Amino acid sequence: MDSQQIASQREFLKDSLRLAIDFRFTDQHMGIEPPPIQKPTQPEQQLINLPLPDHHNSTSLFDAIAGRRSHRRFIGSPLCLTELAFLLWATQGLREEVAPGTALRTVPSAGCRHPFETYLLVTHVTDLESGIYRYLPREHALVLERADDDLMEKLPPATLGQRFTATAPVTFVWTCVPYRTEWRYHTAAHRVILMDIGHVCQNLYLACAAVGAGTCAIAAFHQELMDQLVGVDGEDEFVIYLAPVGKL
Ligand SMILES: Cc1cc2nc3c(=O)[nH]c(=O)nc-3n(C[C@H](O)[C@H](O)[C@H](O)COP(=O)(O)O)c2cc1C
């Protein structure tokens, strides 16, 4: 191991950088408008409204935490839209829009920047055709980005041969839009972005318990193939984490 390289990578984990940043020169302090809280939709895209979350599928918080584990085997059953809507709300749902560019959600985020978009790779969800969808937290709705019947073949190579990904009825894929956090924190943004995404995925693990489903966090994937699969540019938006979900 190159100890110098390791030492320099370790620096990324520390917050020392913050003291070196002159926050008077961040885009926020320079008076630049905050970026929107979610990507816009295209005029031709129709919204698929999602059922509002309720308590009918609740499990106890104790049971959800005590039973949390990663699942890589799923029974063949589909998820229904109500279950999917609950998982989306639990991971990125909006609580309140407090100011332009600032919205509180069901997960915390450094500086309330929430630098993520949620894409769903759907192969077996009741009432949804197979394809790639995006969640709109503000509307609590989905938009179809692209119909695709070949997702089961495309997922294993895009996850470096993790074959179980092909068996999930739906895979959550979170992309990062780094500027949302850079706007406030400049180069101190990237460390907290990684912290933010951990909260999102943990909520998915716990919410899955309430709908008889399971998931497994995936951080090992082929960056370019995953970016191509969801249709993002790989620069201003790129895949950061994913999680296949299925019934147990
Ligand atoms: C950041 C992170 C990345 C992970 N990446 C993968 C992955 O690429 N493939 C996989 O099968 N599991 C992955 N896992 C799941 C871990 O292997 C799993 O959490 C660990 O073995 C402990 O098991 P448990 O979650 O059942 O407690 C990841 C977990 C985390 C938190």
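Just so it is clear, none of the values below were taken in a lab; they were calculated from the coordinates. These numbers come from a predicted model, not from an experiment. Backbone-built Cβ (ideal geometry, glycine too); neighbour counts: all protein chains shown.
Some points to look at:
- Sparse-neighbourhood loop sites, trypsin sites (Lys or Arg not before Pro) in the stretch 1-53 - DSSP loop, at most 11 other Cβ within 10 angstrom: Lys14
- Most positive-pole-ward Cα, Gly76, Thr102, Phe86, against dipole of the stretch 59-116 from beta carbon charges: Gly76
- Among the GluC sites (Glu not before Pro) found in the stretch 142-248, those both in a DSSP coil and sparsely packed, with 15 or fewer other Cβ atoms within 10 Å of their Cβ, are Glu235.
- Degrees, to the nearest 10: 189-210 long Cα axis against longest axis of the chain: 20 degrees
- Assigned charges on the beta-carbon of Lys, Arg, Asp, Glu; the chain dipole about Cα centre (debye): 940 debye
- Sites Thr126 and Glu153 - FRET efficiency at Förster radius 30 Å, r taken between beta-carbons, to 0.05: 0.85
- A simple charge model with +1 on the Cβ of Lys and Arg, -1 on the Cβ of Asp and Glu and nothing else charged puts the dipole of the stretch 1-71 at about 240 debye relative to its Cα centre.
- Added length on full extension, which subtracts the Cα-Cα distance from 0.36 nm per residue, Ser77 to Cys112: 9.0 nm
- Shape metrics for the stretch 29-123, restricted to C-alpha atoms - Rg then Dmax, Å: 16.7, 53
- Length gained when the stretch Ala66-Arg163 is fully extended (0.36 nm per residue, less Cα-Cα span): 32.2 nm
- The Stokes-Einstein estimate for the chain, based on a Kirkwood radius over Cα pairs and taken at 37 °C with 0.692 mPa s viscosity, is a diffusion coefficient of 173 µm²/s.
- Cβ-Cβ FRET estimate between Leu194 and Leu225, R0 fixed at 22 Å, reported to 0.05: 0.55
- In degrees, nearest ten, helix 81-92 long axis to first principal axis of the chain (Cα): 10 degrees
- Aspartates and glutamates whose Cα lies under 16 Å from that of Lys247, excluding same-chain neighbours fewer than 8 positions away: Glu83
- Additional length obtainable on full extension of the chain from Phe25 to Arg146, 0.36 nm per residue less Cα span: 39.6 nm
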